[in-house]
Amino acid sequence: MSGWYYADRNREQHGPVSSDELVTHYRFGRVALDSLVWREGMAQWQPLRDFADEIGLNPSPAETATLPPPVPRAAPAPTATAGPHDRLLREPVAPAAKPRMSGGKIALIVAAVLLVPCLGIGAILAAISIPAYNDYVVRSKVSQAIAESQPLKLQVEAIRTGEGRCPGNGEDGIGTPESYAGTYITRATVGEFDDGTCGFELEFGNTGNTEIDGGKLWWDLGSDNSEWNCSSEIADKWLPVDCRG
């Protein structure tokens with residue numbers, strides 16, 4: 001069975017690794033139960049927990065335990081009020097009593113004082129977190145598109161090393177460029193690059209980001225045909241670590 005590919009906590013793709021190596025990464029905290037994994041034959045990436053029994057992961061009970069509900073807040077202490085005997089003692093000597101603010105009004109004022117700063121903090125956090133989350137979503141789309149090209153890498157490499165030549169689209173079971181269109185890939189062009197290396201070109205689309213849609217990423221086997229190299233015209237911030245630079 002082929003090796004596993006996995007996305008770490010930063011959504012960076014790694015692999016292939018064996019089942020034992022994947023378990024070791026889990027033990028050292030490099031991946032979690034909700035980390036996405038993939039191997040040849042799978043239609044899409046799935047969380048690691050779906051294969052825990054298969055690879056002998058055996059997560060501890062503490063990792064799957066349900067957290068208790070939050071402790072309810074204590075009710076506010078009732079506001080002290082003067083009794084009838086106190087009033088009788090004060091009336092002969094005290095001036096006319098001033099109208100008092102009701103407990104409901106006091107509660108509203110306190111709530112307003114506490115709420116206004118929280119709204120300001122919440123707005124600041126939203127201004128920071130929403131763009132960061134949007135960037136994370138875009139990087140996830142790029143990583144998914146790259147991961148979906150793994151089977152094509154295996155097919156090209158097998159022909160290159162087995163027959164000593166670089167295949168092209170429409171040859172040796174390799175489909176047309178458009179046949180490799182996926183969720184975020186519009187085409188994959190297979191063949192030999194200008195520098196003589198063999199590989200293929202991916203064109204991105206449908207990500208909803210104008211910096212990425214229409215952009216290209218290249219996988220090549222290098223001059224010695226021993227290791228895949230990744231390069232792209234897309235900005236590094238959207239790419240996995242092994243495709244940057």
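Going by the structure shown, is E233 surrounded by fewer than 14 Cβ atoms within 10 Å (Cβ to Cβ), modelled with pLDDT under 95 and touching a Gly at 6+ places or on another chain (Cβ under 6 Å)?
Yes, satisfied.
For every residue, the table says whether it meets (1) of a type outside the set (D, E, K, R); (2) at pLDDT 90 or above; (3) out of contact with any Leu (no Cβ under 9 Å at 6 or more places or on another chain); (4) closer than 13 Å to C198 by Cα.
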| site | (1), (2), (3), (4) |
| --- | --- |
| G122 | yes, no, yes, no |
| A127 | yes, no, yes, no |
| S143 | yes, yes, no, no |
| G168 | yes, yes, yes, yes |
| I174 | yes, yes, no, no |
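Quick check on my filter: what residues within the range 215-230 are under 18 Å from V142 (Cβ atoms) and in contact with a Gly (Cβ under 7 Å, 6 or more places away or on another chain)?
Result: W218, W219, N229.
Please determine, by comparing only the residues of the range 127-184 that are part of a helix (DSSP H, G or I), of a type in the set (K, R) and out of contact with any Pro (no Cβ under 9 Å at 6 or more places or on another chain), which one is surrounded by the fewest Cβ atoms within 10 Å (Cβ to Cβ).
K153
Answer with yes or no whether T207 is hydroxyl-bearing (S, T, Y), crowded, with 17+ Cβ neighbours inside 10 Å and either modelled with pLDDT of 95 or more or under 19 Å from A147 (Cβ atoms) (or both).
Yes.
Among the residues of the range 217-230, which ones are farther than 18 Å from G168 by Cα and within 22 Å of the chain's Cα centre (by Cα)?
C230
Restricting attention to the range 192-214, which residues are farther than 20 Å from R139 by Cα and touching a strand residue (DSSP E or B) at 6+ places or on another chain (Cβ under 7 Å)?
Result: E192, F193, T197, C198, G199, F200.
To keep it simple, each residue is scored yes or no on (1) part of a helix (DSSP H, G or I); (2) loosely packed, with under 10 Cβ neighbours inside 10 Å; (3) at pLDDT 90 or above.
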residue: D34; (1), (2), (3): no, yes, yes
residue: F51; (1), (2), (3): yes, no, yes
residue: L57; (1), (2), (3): no, no, no
residue: P72; (1), (2), (3): no, yes, no
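For the range 15-32, how many residues are assigned to a loop (DSSP other than H, G, I, E, B) and either at pLDDT below 90 or more than 23 Å from N229 (Cα to Cα) (or both)?
The qualifying residues number 5.
Return a yes/no flag: does the range 38-60 have any residue that is among the hydroxyl-bearing types (S, T, Y) and within 26 Å of E227 (Cβ to Cβ).
Looking through the range 38-60, none of the residues is among the hydroxyl-bearing types (S, T, Y) and within 26 Å of E227 (Cβ to Cβ).
The values are calculated or read from the model by the stated rules, or taken from the named source; none is laboratory data. A quick note: this is a predicted structure, and the numbers were derived from the prediction, not measured. Here Cβ is always computed from backbone atoms with ideal geometry, including for glycine, and neighbour counts include all displayed protein chains.
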